[in-house]
Amino acid sequence: MATKTIKVSEKYAWKWYEKFYFMSISLGMFVTLKHFIKSAFLRQQVTVSYPEERKPLSSRFRGLHRHKRDEEGRERCTACYCCQWVCPADAIHIEAAAVKPEEQHLYREDKYAKVFNVDLLRCIFCGLCEEACPKGAIYLDGGIPMPDDSRDRLILTKEMMMEPTGGKIIGERL
Ligand code: SF4
Ligand code: SF4
């Protein structure tokens, strides 16, 4: 049986006029000029004075990561590594530890996440960690990611993400 060869290179080859970038450059210049005229002459502000002023969030917006506790106040995360494995951005770092007998009231099983970091500089807020978690331990329902001038402060630790004790569910966005 004869097979049909698809020439992918031809299908996606650049058109001759695309190589001059004129269209893209002209379009970009037009948008810049439009906003310049609006703000300089028509007094129509095209930006907001963040953080004093904030635009409404999209209904699909995901917030920062939160770690949940169960109704008895124990940490839900059992350091199974599912979220770390599934994360496409390699943003999660977990170090597991064994629960000591005197710590059993703090954790649900015999293993817990001693270290659980989320690197916000890598995270793409895809929500896969939330979907993959079999323990309902991690949710993206926290506050809005804040701009910062320190890389260290953009790495969330477990302590920063953990909800307060008492089984209180933090479902609201800041
Ligand atoms: S939201 Fe996506 S990218 Fe961010 S930590 Fe979770 S799985 Fe990784
Ligand atoms: S947050 Fe959930 S998926 Fe990630 S290590 Fe903990 S229990 Fe496993």
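The values are calculated or read from the model by the stated rules, or taken from the named source; none is laboratory data. Just so you know, these numbers come straight off a predicted model, no measurement behind them. Note that we place each Cβ from the backbone using ideal geometry, even for glycine, and neighbour counts take in every protein chain shown. The accessibility values were calculated without ligands, DNA or RNA, using every heavy atom of the protein model including side chains. Shrake-Rupley method; radii C 1.70, N 1.55, O 1.52, S 1.80 Å.
Some notes on this structure:
- Residue 81 vs. criteria surrounded by 12 or more Cβ atoms within 10 Å (Cβ to Cβ) and closer than 30 Å to residue 54 by Cα: no
- Scanning segment 106-161 for residues that are among the hydrophobic types (A, V, I, L, M, F, W, C), out of contact with any helix residue (DSSP H, G or I) (no Cβ under 7 Å at 6 or more places or on another chain), assigned to a loop (DSSP other than H, G, I, E, B) and more than 9 Å from ligand 2 (Cβ to nearest atom) returns 106, 123, 124, 125, 126, 144, 146.
- Filter pass, residue 55 being of a type outside the set (Phe, Trp, Tyr) and closer than 22 Å to residue 165 by Cβ: no
- Verdict on residue 93 being open to solvent by 50 Å² or more (accessible area, probe 1.4 Å), touching a strand residue (DSSP E or B) at 6+ places or on another chain (Cβ under 6 Å) and closer than 20 Å to residue 145 by Cα: yes
- Summed over segment 25-47, residues that are modelled with pLDDT under 85 and open to solvent by less than 100 Å² (accessible area, probe 1.4 Å) total 3.
- Matching residues, segment 79-101, being more than 20 Å from residue 121 (Cβ to Cβ) and either assigned to a loop (DSSP other than H, G, I, E, B) or among the acidic types (Asp, Glu) (or both): 79, 80, 81, 99, 100
- Restricting attention to segment 67-96, the residues that are away from ligand 1 (no atom under 12 Å from the Cβ) and under 15 Å from residue 130 (Cα atoms) total 9.
- Any hit, segment 60-72, residues being part of a loop (DSSP other than H, G, I, E, B), more than 16 Å from ligand 2 (Cβ to nearest atom), closer than 27 Å to residue 151 by Cα and open to solvent by 70 Å² or more (accessible area, probe 1.4 Å): yes
- Within segment 53-68, residues that are farther than 30 Å from residue 112 by Cα sit with their Cβ atoms under 9 Å from residues that are within 16 Å of ligand 1 (Cβ to nearest atom), at 6+ positions apart or across chains, in these pairs: 54/144; 57/63; 57/144; 57/173.
- Taking segment 114-138 as the range and being open to solvent by less than 30 Å² (accessible area, probe 1.4 Å) and among the aromatic types (Phe, Trp, Tyr) as the test, only 116 passes.
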